[in-house]
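Take a look at the structure below.
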Amino acid sequence: MSKLVLIEQASDLPRLGSLPRGVLVLSLDAKASSALDLRKIPYRLLEEFTPAEEFNRASLDRYSWLDAFCVDLDRRMQASIPALRDADIKPATLHYYALKMLVDCLASKAHLLSGAFLELRPEAVYYTPARKASVAPDLLFRRESAFSRLCPAAAKAAGALALPMPPPTALASDAANPLLRRFSPRRWPRYLRGILSRLEDCALQPLRRGPPRPFVLALAEWHDIPEILRGLAAEGWETRRAPFMGVLPAPRGGPLRNALREIDSQAEGLWRGLCADSAWRGRFQFHGLDLFDSAQERLERFVTRAPSEIVHAYRLWKGRLSAARPLCVLSCSSNFGHAGHGVVVAAREAGIPFILYQEGGGYGIPHSPMLFATDLRAEGWFLSYGPGTRELAQHRGLRPEGRVVDVGSAILDRLAARRPRPAEASAYHYVLYNPATNIQHHPFNGGTSPHHFAQQKRMLRILSEFHSLSFRIKLPPNDDMPHLTGWLAAQTPPLRNCKLLLGAQMQDTLHQAAGFIFNFASTSLLEALLTDKPIFIVEDPLQIHFDPEARSLLARRAVLCRDPDEFASLFRRHLAGEVLADVQDAEARRRYATYLDDGRSLERACRAVRRICGAD
């Protein structure tokens, strides 16, 4: 194939008409794939050219790279910025999640591009030039395409020309209207950040004044955190919620402003030194490509801005916690912004326990290395859903003995205790996951959305062949997946037995389903394990992986399939009456979801908090 064109957005499709005939289209995103499908334009996927095992291994190896990178960068930052050293603040370690996302975003895409170009040997590659966008504190590529940044270097390494397609032209009326420019949607995040900063400052005023009695401070309020807050409140504990906005109020007072400016100056000097260090820049060589230029803006933002922002948050919270000392700080995630990290550092210095309560699935069933590297390695205590998680953490040396406490999931207990109205189970639920909502991290839980979309389409076509059955397509929370819903609506003939399940949470229909079908085992799998319904899981190696013990237990309870075709075969055998799994087996649920399966997870969680706080 002599020429390739990379399509990442539906808006790029009109440009295809101006390109030479015979170009091979590569889709880089599920929405682009959907638009190409609707126009019946043939295309291929980058994942076709790189073996899944090789791709996953490279991503797992980057954890070792990042471990060493964070240790080195923290050492350099503390040596250059005394305020970090004095408070023992390690910015790179605190932001491990964001840095892994950044490295994975670039290195994995470089891997996929290099693999495709190596096999296809193009003479030219057409791509959409990178669009300039501001860098957010989480360092993610959002409006700006990482593929566009990487394409020229990847094409050059393969001996091909990288030819930018003409950029879209802005509407003259918009460009000429200053009012539209001033209130453009692009400026909304800036306005919103300012509003949230003021709201957060006001919301924390009661904390500054101090509570009338000892209290628990909650950093994040989702998954099981609302349950445990209600449980502690029922026992007479006061609970306070710190807004999880990550937006800091502007520094007040000349001394603090001057101190933060001095930190910024020291950080800028460090950055200049890093850029002049060829050995440090050379660390960003992946798959034959130098990724430093692509990462430079985000690395600069982190090195020059994060230190003062963390110190600002730390000093702010140091004062707040000394004025109103909580018994502990409670959260369900260690992945929060500078404000959250400031709480953790200030709490550690004050001797206030930091407690994480497991955030849904991902800790072995399914396996998410990112959560192992962040939540399970974070300082403080960890309340787990069961011994499977604790043993996995301790086996890998991620947590000291005794710092993981098995309690079970309070929210799963509540779902299991529901008594739904009797209803005939008439439809199987195909539970979808959209990796584009968890973008840029590999392996197993995001980033390969075109490949995942292709598998979902294949699964829907297979389901449509079972004409006597009904299937309900459960979309992910807070995501209407327009690329898939649009494709589904455009099918001719229509897939009549496949209907979207709109406006319903998984727990709302849990007991009414005839069974469950997953091609990504997210937290919804733990919810499905609460039932005695058949469960089928398609194990796509680019999207899902189980810890060996978890997989062996899950294989007793659910039917595991290598791919959609094996699913079709096993599903037919199930419909014919063959018993493929024991729907009464509860061992996987006990070890990874509800612990003792006795409905008392909330009681155990509250007791663990009291003991950690020294109040039991």
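The values are calculated or read from the model by the stated rules, or taken from the named source; none is laboratory data. Please read these numbers as outputs of a predicted model, since none were measured by experiment. Using ideal geometry, Cβ is built from the backbone for each residue, glycine included, and neighbour counts are taken over all protein chains shown. Surface accessibility is based on the protein's heavy atoms, side chains included, excluding ligands, DNA and RNA. Shrake-Rupley method; radii C 1.70, N 1.55, O 1.52, S 1.80 Å.
Observations, loosely collected:
- Pairs with Cβ under 8 Å, 6+ apart, first in segment 576-589 and closer than 26 Å to Ser468 by Cβ, second part of a loop (DSSP other than H, G, I, E, B) and among the small types (Gly, Ala, Ser): Ala581/Ala558
- Residue check for Arg305: part of a helix (DSSP H, G or I), open to solvent by 60 Å² or more (accessible area, probe 1.4 Å) and more than 20 Å from Ala68 (Cα to Cα): yes
- Subset of segment 28-48 [within 25 Å of the chain's Cα centre (by Cα) and either basic (Lys, Arg) or over 14 Å from Asp12 (Cα atoms) (or both)]: Lys31, Leu45, Leu46, Glu47, Glu48
The rows are residues; the columns are (1) over 18 Å from the mean Cα position of the chain (by Cα); (2) more than 18 Å from Pro476 (Cβ to Cβ); (3) not β-branched (Val, Ile, Thr).
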position	(1), (2), (3)
Phe516	yes, no, yes
Ala521	no, no, yes
Ser524	no, no, yes
Glu527	yes, no, yes
Thr531	yes, yes, no
Pro534	yes, yes, yes
Val538	yes, no, no
Phe546	no, yes, yes
Leu554	yes, yes, yes
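- Residue count for segment 349-364 under the criterion of being touching a residue at least 40 places away in the same chain (Cβ under 8 Å) and not acidic (Asp, Glu): the result is 9.
- In segment 524-537, residue modelled with the highest pLDDT [restricted to those that are open to solvent by 20 Å² or more (accessible area, probe 1.4 Å) and either among the aromatic types (Phe, Trp, Tyr) or touching a Lys or Arg at 6+ places or on another chain (Cβ under 8 Å) (or both)]: Leu530
- In segment 288-303, the residues that are over 19 Å from Arg142 (Cα atoms) and in contact (Cβ under 8 Å) with a residue 60 or more places away in the chain form Cβ pairs under 9 Å with partners that are surrounded by fewer than 22 Cβ atoms within 10 Å (Cβ to Cβ) and acidic (Asp, Glu), at six or more places apart or across chains, as follows: Val303/Glu268.
Yes or no, residue by residue, for (1) aliphatic (A, V, I, L, M); (2) farther than 28 Å from Cys332 by Cα:
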| site | (1), (2) |
| --- | --- |
| Trp222 | no, no |
| Ile228 | yes, no |
| Arg240 | no, no |
| Leu248 | yes, no |
| Arg252 | no, yes |
| Ile263 | yes, yes |
| Leu270 | yes, yes |
| Leu274 | yes, yes |
| Asp277 | no, yes |
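- Test for Val311: is it within 30 Å of Ser368 (Cα to Cα) and either β-branched (Val, Ile, Thr) or touching a His at 6+ places or on another chain (Cβ under 6 Å) (or both): no
- Applying the condition of being outside any loop (DSSP other than H, G, I, E, B) and among the aliphatic types (A, V, I, L, M) to segment 463-493 and asking which residue is nearest to the chain's Cα centre (by Cα) yields Leu484.
- The condition of being in a helix (DSSP H, G or I), free of Cβ contacts under 8 Å to residues at least 40 places away in the same chain and open to solvent by 60 Å² or more (accessible area, probe 1.4 Å) holds for Arg572.
- Which numbered condition Ala30 fails, given (1) small (Gly, Ala, Ser); (2) over 15 Å from Phe286 (Cβ atoms); (3) surrounded by fewer than 23 Cβ atoms within 10 Å (Cβ to Cβ): (3)
- Any pair with Cβ under 7 angstrom, 6 or more apart, that starts in segment 12-40 at a residue that is within 23 Å of Thr485 (Cβ to Cβ) and ends at one that is assigned to a helix (DSSP H, G or I) and hydroxyl-bearing (Ser, Thr, Tyr): Ser27/Ser33; Asp29/Ser449; Ala30/Ser449
- With respect to the conditions (1) farther than 28 Å from Cys70 by Cα; (2) open to solvent by less than 10 Å² (accessible area, probe 1.4 Å); (3) not hydrophobic (A, V, I, L, M, F, W, C), Asp413 lacks only one, and its number is (2).
- Ala58 vs. criteria in contact (Cβ under 8 Å) with a residue 24 or more places away in the chain, over 19 Å from Leu106 (Cβ atoms), among the hydrophobic types (A, V, I, L, M, F, W, C) and open to solvent by less than 50 Å² (accessible area, probe 1.4 Å): no
- Selected residue (criterion: farthest from Thr448 (Cα to Cα)) from residues of segment 37-54 that are in contact with a Leu (Cβ under 7 Å, 6 or more places away or on another chain) and part of a helix (DSSP H, G or I): Ala52
- For Asp540: the one exception among (1) open to solvent by less than 10 Å² (accessible area, probe 1.4 Å); (2) of a type in the set (Asp, Glu); (3) within 21 Å of Ala427 (Cβ to Cβ): (3)
- Across segment 395-423, the number of residues qualifying as out of contact with any Pro (no Cβ under 8 Å at 6 or more places or on another chain), acidic (Asp, Glu) and at pLDDT 80 or above comes to 1.
- Looking across Ala521, Ala550, one residue alone is open to solvent by less than 20 Å² (accessible area, probe 1.4 Å) and either part of a loop (DSSP other than H, G, I, E, B) or more than 30 Å from His395 (Cβ to Cβ) (or both). It is Ala521.
- Where His367 falls short, out of the listed (1) in contact (Cβ under 8 Å) with a residue 40 or more places away in the chain; (2) open to solvent by less than 10 Å² (accessible area, probe 1.4 Å): (2)
- Hits in segment 135-163 (condition: within 25 Å of the chain's Cα centre (by Cα) and part of a helix (DSSP H, G or I)): Ala146, Phe147, Ser148, Arg149, Leu150, Cys151
- Of the residues making up segment 88-134, those that are in a loop (DSSP other than H, G, I, E, B) and either open to solvent by 10 Å² or more (accessible area, probe 1.4 Å) or free of Cβ contacts under 8 Å to residues at least 60 places away in the same chain (or both) are Asp88, Lys90, His95, Arg121, Glu123, Thr128, Pro129, Ala130, Arg131, Lys132, Ala133, Ser134.
- Filtering segment 575-588 to residues that are closer than 24 Å to Ser426 by Cβ, surrounded by fewer than 18 Cβ atoms within 10 Å (Cβ to Cβ) and within 34 Å of the chain's Cα centre (by Cα) leaves Leu580, Asp582, Val583, Gln584.
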